[in-house]
1. Could you list, in their original order, any pairs among Lys345/Lys770; Lys381/Lys778; Lys247/Lys384; Lys345/Lys771; Lys384/Lys770 whose Cα atoms are separated by more than 32 Å?
2. Quick one: check the C-alpha center-to-center distance for the stretch 653-732 versus the stretch 140-188, whole angstrom.
3. Can you work out the accessible area per residue across the chain, with the rest of the protein chains kept in place, probe 1.4 Å, in square angstrom?
4. For a distance above 21 Å, tell me the whole-number percent of Cα pairs in the stretch 92-221 that qualify.
5. Calculate what fraction, in whole %, of the accessible area of the chain sits on carbon and sulfur atoms when a 1.4 Å probe is rolled over the protein chains.
6. To the nearest 20 debye, what is the magnitude of the charge dipole of the chain about its Cα centre, counting +1 on the Cβ of each Lys and Arg and -1 on the Cβ of each Asp and Glu?
7. Ordering His730, His82 from largest to smallest accessible area (1.4 angstrom probe), what's the sequence?
8. Could you check the spin-label model distance between Thr176 and Asp703? Points 7 Å from the Cα along Cα→Cβ, value in nm.
Amino acid sequence: MAPDRDALAARYGFPLDDFQVRAVEALDAGRHVLVAAPTGSGKTVVAEEAIFRALAEGRRAFYTAPIKALSNQKYHDLVRQHGADRVGLLTGDNAINGDASVVVMTTEVLRNMIYARSAGLASLGYVILDEVHFLQDTYRGPVWEEVIIHLPHDVRLVCLSATVSNADELIEWITTVRGPTTAVVETRRPVRLDHLYLASDRTADRLHLLPVVVDGRPNPEASRLDAEAARGGPRQSNAVRQRQRRKLATPRRLEVVDRLEEERMLPAIYFVFSRNGCDEAAHSMVEAGVRLTTGPERDRVREIVADRLDGMDERDLAVLGYGRFLAGLEASIAAHHAGMVPPFKEVVETCFTEGLVKVVFATETLAVGINMPARSVVIEKLTKFTGEHHEFLTPGDYHQLTGRAGRRGLDPVGYALTLWSPFVTFDQVAGLALSRSFQLTSAFRPTYNMAANLVRTYAADRAHHLLNLSFAQYQADRDIVKLETRIARRQANVDDLRAQAVSPYGDLEDYRSRLRTADDVRRRRFGGAANGEAIEQALTKLRPGDVVEIEQGKHVGRAAVLTVASRKNTATRVRAITPQRVQVVLSAQDFAAPPRPLGRIDLPTPFAPNRQSYQREVAKLLERARLGPRDTRPTGVPRDPVLDVHPVLDDPDLAERLKAAAHADRVERELGDLTNRVRSRSQSLARRFDQVLEILARRGYVDGWSLTDKGGRLARLFHESDLLVSEVLHHGLLDDLEPAALAGVVSTFVYEHRSSEPPPAPWFPSADVKKRWLSIEKLCRQINTTEDVAGLPLTRPPDPTFLAIAYAWAAGEGFAEVVEAEELSGGDFVRTTKQLIDLLRQLAQLAPNPETGRAAGLAADMLFRGVVAASTVVTVDDGVTP
């Protein structure tokens, strides 16, 4: 039964697009749904429909998101739709109304609920997995697959994803794991996107703003413009080359903003892949006198700032650069990146959404999740620094960034501007704009915590089966299908070749075996340098018209010598031609033994080996020639008497049969390689899981197929370094520490120094803390050694860089003193401290020593203050702060 479009339009206040209606039809049919569509196309309508149905059926709906900021934003949206009493939020930072009918949560929270067999799953009807393409994320991706595999089977999934080119593969996997699933793929954007190329012409003192694509192809005008800036060839003078290099330049940021305002392309998100670059860009705009707001707009900006930041300490605001931040907002300019504290980022997001901020300089983190569409998106560079090297943007990266351009209902068209760069050609820009290849690849892998939960929850055969249900295994199996198809073709090829190699005159394999034995004797006698000298000498004796047996790459069989080039102090080169008219150049390296002619053909006259017509005639003569079988044995090697009288020598097709047999040998070797690849792929996950179990058994977490007490703790510990943290607990390395010192030691598991600059020397509050740190470091090395032997990814080593900061903050030191002393960004401080609080709260529940658990809980409470607490609070619309 088709859904009532009028009723749906009345519910949502607008008529639904066809892809949204198709998704609703799938829900009507009781199927799981995957909606893959561009950013801003309205995927969330399908999620809202699932929530509506859950409420109508008296069941619960969970909305999962990959990041806390998106969870918070979605929570506010749903509260506005359904009321605060029916909507909850669970993110680790916040637990608001967790028993509500509709709960927004991070995907990790849902995974933990599933493994804990939470009672909250009993009445669950629908789960919305937002940004499901995150399953390819190296560190967090496996969580999505765990949820899809382990959720109760009566729960229906609504998966929302950016457009991916292998959506059919993802759908087939979900269908295999959970049952009938419908793919609703929408490639059209609700707002047309124009890709533009902006170059600064310094010689003409102008900006060129050109379309990237014209009639579905790269714009030839932009291509010509870019070519004028390329380096000249060797025939051009240095002056010409210099003049051409100077012709184009990357437009200055102020020039770009002025042009955007002139073309009515604001508001814009200007992507700069550097935190400092974003801050400097925003500050330079203000310093240059850019003002894009009216008086009433500035009043509203100050109102938003006061509402969100008034509770923060003035000293903290000062160290965060509040004055400069506010000046930028009042000028309608802001930065947005992970180095900012969440309240500052939330102010920027609110102001931008209300149209008060018209230019945001942002890193790529803004492209993920939160709803901040703009009329235009500017990409300053198509490369970004990963922390180790510069990396070119993938098509998926490019389309994720440009997906923000074009506000539905506000803009008839969105604009994606890429700036000219001396390091990237226009063809590369056009390639990204035209690409439609966004392949989704699984990052699933068994972890220690996952293994412990599988042992705790399932029987051994069921656990292995669930691993085989992963998307990673499914993709490997799909590859295996392709490999198996190749194997089948190769096997048929081998069978055909072996049939061709059967001689009615005698046992060809016996003859070949005797030849191989003779070859072995010859190699032993003429091995090493002596053999090379003998081959080189034999090559010099070859003459045009001689026919030799060759094996060079895919060219196997006879070849007629055309020329022989032999000069003093240089290797001999023989040019020959095959019956297929392929020219080959032969040297001593192409022969295992000195070549001896199989015979001769009379070459055409006049002798013209370089002419194609002459070569064709030689190839025809070679093809018709009747010659004896290969015999490359040098004189002086003992002869096998049977070889001279073997019955297969009477076979007129002996040479072709030997060639077919040799070809069959090569194909069989390839068959063996393919078979090994199949075996390796099909067993990789199961083998890794067994290796993880072996390490856990060796360390006392698993006994047979049962968890020990240690294993039970590990199953409830969710952290990237789960095994290391569990071992530290077991060895008592966190016992008898006062809370601030405990916070410092535990911070070594959550902080990772990623700057190219070396970290400062670690500071320890006492000799005891330093001793414990050294023991933890030693313990990690032991674990890494075991992992390395097993071929498993290594547990990340603990990092003491944040230890002094965590200790000082827990001990009551002020935010300004901590951040200024350590030259740490406010955003990094808050994010790391919140991760530390999360781990400490887990330890408060898991520590085998009750006193250690109490100290961990107290440490978490001591850390949760000031700017950290202000960065965590989520308010509901009625003004209540939970």
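1. Values: Lys345/Lys770 37 Å; Lys381/Lys778 42 Å; Lys247/Lys384 25 Å; Lys345/Lys771 40 Å; Lys384/Lys770 37 Å.
Correct reply: Lys345/Lys770; Lys381/Lys778; Lys345/Lys771; Lys384/Lys770.
2. 26 Å
3. Details: 40670 Å² over 882 residues.
Roughly 46 Å² per residue, with all protein chains present.
4. Working: 4810 of 8385 pairs.
Roughly 57 percent, rounded to a whole number.
5. On the way: 19830 of 40670 Å².
Of all accessible area on the chain, carbon and sulfur atoms account for 49 percent.
6. Values: 113 positive and 117 negative charges, 827 e Å.
Result for the chain is approximately 3980 debye, rounded to the nearest 20.
7. Numbers: His730 90, His82 40 Å².
Correct descending sequence by accessible area is His730, His82.
8. 3.8 nm
The values are calculated or read from the model by the stated rules, or taken from the named source; none is laboratory data. Keep in mind it's a predicted model, so treat the numbers as computed, not measured. Neighbour counts run over all protein chains shown; Cβ positions are idealised from the backbone, glycine included. For the accessible areas, the whole protein counts, side chains as well, though only heavy atoms, and no ligand, DNA or RNA atoms are used. Shrake-Rupley method; radii C 1.70, N 1.55, O 1.52, S 1.80 Å.
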